[in-house]
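Data block below; observations after.
The values are calculated or read from the model by the stated rules, or taken from the named source; none is laboratory data. This structure is a prediction, so every number in the text was calculated from the model and none was measured. Positions of Cβ are generated from backbone atoms using ideal geometry, with glycine treated the same way; all protein chains shown enter the neighbour counts. All accessible areas refer to the heavy atoms of the entire protein, side chains included, with ligands and DNA or RNA removed. Shrake-Rupley method; radii C 1.70, N 1.55, O 1.52, S 1.80 Å.
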Amino acid sequence: MMTIWAECIVSAAHRFAQYDLHGHTYTVRVSVRESDDGFLNAESFRDELMRIRRGVDHRCLNDVLVTPTMEELARWFAREVRKEGFDVTEVQIIRPEGVGCRLTLA
């Protein structure tokens, strides 16, 4: 099995009861499985990922996600990329402070 991945940068704000409104820059890496014909154009996939990211980039995550965490951001990307017909295998969210999360899908 071959997977292809693409990355994008998302800058977004969020707030929690214990924290005021603040922002983060996230690197989002999405991996997808090649189709049955064995071909997936990585550049086309990256272009699609860049289009999808507009739903959260420079936004307040509280307006998009029920729980505005990086874990929910990973789930959001998995859903949105799957809607476009890609077989998502993994989504990683990485913050420059040295923390992140990885959502692994079957």
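Placing R0 at 25 angstrom, the Cβ-Cβ distance between E71 and D36 gives a FRET efficiency of 0.20 after rounding to 0.05. Helix-only arithmetic for the chain: the sum of -39500 (n - 2.57) across DSSP H runs with n ≥ 4, divided by the residue total, places the mean residue ellipticity at 222 nm at -8000 deg cm²/dmol.
Report, in whole Å, the centroid distance computed from the Cα atoms of the range 22-44 and the range 71-106. Rounded to whole Å, the Cα centres lie 9 Å apart.
By definition, a body whose alpha carbon gyration tensor gives a ≥ b ≥ c is oblate when a/c is 1.5 or more and a/b is not larger than b/c, and the range 48-106 fits this oblate description. Carbon and sulfur together cover what percent of the accessible area of the chain at a 1.4 Å probe radius? Ligands and nucleic acids excluded, carbon and sulfur give 48 percent.
The value of relative contact order for the chain, using C-alpha pairs under 8 Å at least six residues apart, is 31 percent. In the full protein context, the range 55-94 carries 48 Å² of accessible surface per residue, based on a 1.4 Å probe and ignoring ligands, DNA and RNA.
In nm, give the distance between the simple-model label positions of C101 and S44, each being 7 Å from the Cα along the Cα-to-Cβ direction. Result: 3.2 nm between the two label points.
Using alpha carbons only, the radius of gyration of the chain set against its Kirkwood radius gives Rg/Rh = 0.99. Using 1/(1 + (r/R0)^6) with R0 = 35 angstrom and r between the beta carbons of Q18 and H58, what's the FRET efficiency to the nearest 0.05? That gives a FRET efficiency of 0.90. Taking Cα atoms, how many degrees apart are the long axis of helix 70-83 and the longest axis of the chain, rounded to 10 and kept between 0 and 90? Helix 70-83 sits at roughly 40 degrees to that axis.
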